[in-house]
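> Below is the structure I would like to discuss, written out as structure tokens.
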């Protein structure tokens, strides 16, 4: 049995998220369908580093699967891409040890969020959040510092999620170029909606609707007080997944 690790890129616009769902088009569903055309005698299930929600994009998502089929890694890449729709593309395929797991072997993840302060653009609307108003970047940069380090992010996660909400955020960088604001977040893991809630809160600070201290109160409440600000999915990208060998 061979374990194949793949790096995949996808435009999330027309997907109901990554995870396979009945009756809905998903990234996992399309990939498994493509692999199924290659391995007709196997029931292949892929395992990703994590799930992305509807309309969220993947630049370097990682998944693995096991197959008894024997062929070179480069051929796996070509074969899967042959059967994939044009909004998904396998960037790389390689063989890995059976101890490797796309999710559990990951050490860090990097997300990018893009926001436009410019006039609305129909060409960008699926890829950059069309905010369309000025933000105070320095206020946002200052507020971003409260999230760095290890915290209980329960107030910045989905309402329906339980379990461990303690995460470490190694980097939260905010830059602006030609009216496009880029948020870069690197951490050891992210709960559902965590990035979008953090960015949503920072947008409120930049718009001067709330102050940094309000975000601190939310963080300190450890889920007792929930962040109600959630940035739209269109500007979010799973940018990179890191492993020990990286």
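Nothing in this text is a laboratory measurement; each read-out follows from the coordinates by a stated rule. All values reported here derive from a predicted model rather than from experimental measurement. Glycine gets a Cβ as well: all are built from the backbone with ideal geometry, and neighbour counts include every protein chain shown.
> Where the centre of each part is set by its Cα atoms, how far does the stretch 110-164 sit from the stretch 65-93, in angstrom?
What the calculation gives is 33 Å, centre to centre.
> Further, regarding this structure: Once fully extended, how much extra length lies between residue 180 and residue 66, figured as 0.36 nm per residue of separation less the alpha-carbon to alpha-carbon distance? Each step should come with its number before you reach the end.
Details: separation 114, 0.36 × 114 = 41.04 nm, distance 4.09 nm.
This chain segment gains 36.9 nm when fully extended.
> At a 10 Å Cβ-Cβ cut-off, how would you order 46, 35, 198, fewest neighbours first? Spell out each step's value before the answer.
Working: 46 20, 35 23, 198 30.
Final ranking by Cβ density, sparse to dense: 46, 35, 198.
> Pop the C-beta distance of residue 107 and residue 226 into the FRET formula with R0 = 35 Å and round what comes out to the nearest 0.05.
Working: r = 29 Å, r/R0 = 0.82.
The pair residue 107/residue 226 has a calculated efficiency of 0.75.
> So for the pair residue 119, residue 41, with labels modelled 7 Å out along Cα→Cβ, what separation do we get in nm?
Taking the simple label geometry, residue 119 and residue 41 are separated by 6.3 nm.
> Which value, in nm² and rounded to one decimal, describes the direction-averaged projected area of the C-alpha convex hull of the stretch 2-96?
Numbers: hull surface 21.5 nm².
That works out to 5.4 nm².
> For a Förster distance of 30 Å, can you work out the FRET efficiency between the beta-carbons of residue 87 and residue 217, rounded to the nearest 0.05?
It comes out at approximately 0.15.
> Starting from 0 in steps of 10 Å, tell me what percent of the Cα-Cα pairs of the stretch 107-243 lands in each bin.
13, 46, 34, 8, 0
> Next question, about the same structure. Over the chain, what is the mean sequence separation of C-alpha contacts under 8 Å (at least six apart), divided by residue count, expressed as relative contact order in percent? Walk me through the numbers on the way to the answer.
Working: 536 pairs, mean separation 58.4, N = 246.
Normalised by residue count, the contact order of the chain is 24 percent.
> Please tell me the relative contact order of the stretch 107-243 in percent, rounded to the nearest whole number, where contacts are Cα pairs under 8 Å and at least six residues apart. Kindly include the intermediate steps, with their values, before the conclusion.
Details: 280 pairs, mean separation 52.2, N = 137.
After rounding, I find 38 percent.
> Answer with a single label: of [x] 19.1; [y] 17.7; [z] 20.6, which was calculated as Kirkwood radius over Cα pairs in Å from the structure in view?
Label [x] holds the value from this structure.
> Right, something else. In degrees between 0 and 90, to the nearest 10, how far off the longest principal axis of the chain does helix 73-83 point, with axes built from Cα atoms?
In the chain, helix 73-83 runs at an angle near 80 degrees to the longest axis.
> Compute the long axis of helix 27-38 from its Cα atoms, compare it with the longest principal axis of the Cα atoms of the chain, and write down the angle in degrees, 0 to 90, nearest 10.
Roughly 10 degrees, rounded to the nearest 10.
> Now a separate question. Between the stretch 176-231 and the stretch 1-33, what's the alpha-carbon centroid distance in Å?
First find each Cα centre; the distance between them is then 28 Å.
> As I understand it, the value is the acute angle between the Cα axis of helix 194-206 and the longest principal axis of the Cα atoms of the chain; what does it come to in degrees, rounded to 10?
30 degrees
> Next question. Report relative contact order for the stretch 2-96 in percent, whole number only (criteria: Cα-Cα under 8 Å, sequence separation at least 6). Show your work: numbers first, answer last.
Values: 191 pairs, mean separation 42.8, N = 95.
It rounds to 45 percent for the stretch 2-96.
> Additional query: Percentage of Cα-Cα pair distances in the stretch 95-158 greater than 13 Å, rounded to whole percent? Can you show the working numbers first?
Working: 1594 of 2016 pairs.
So the pairs more than 13 Å apart make up 79 percent of the total in the stretch 95-158.
> Same structure, new question: Before rounding to the nearest 500, sum -39500 (n - 2.57) across all DSSP H runs of length at least 4 in the chain and divide by the residue total; then give [θ] at 222 nm in deg cm²/dmol. Walk me through the intermediate numbers first.
Numbers: 5 runs with 53 residues, N = 246.
Result for the chain: -6500 deg cm²/dmol, rounded to the nearest 500.
> In the stretch 106-126, whose amide N lies under 13 Å from the spot 7 Å out along Cα-to-Cβ of residue 207? List them in ranges.
116-117
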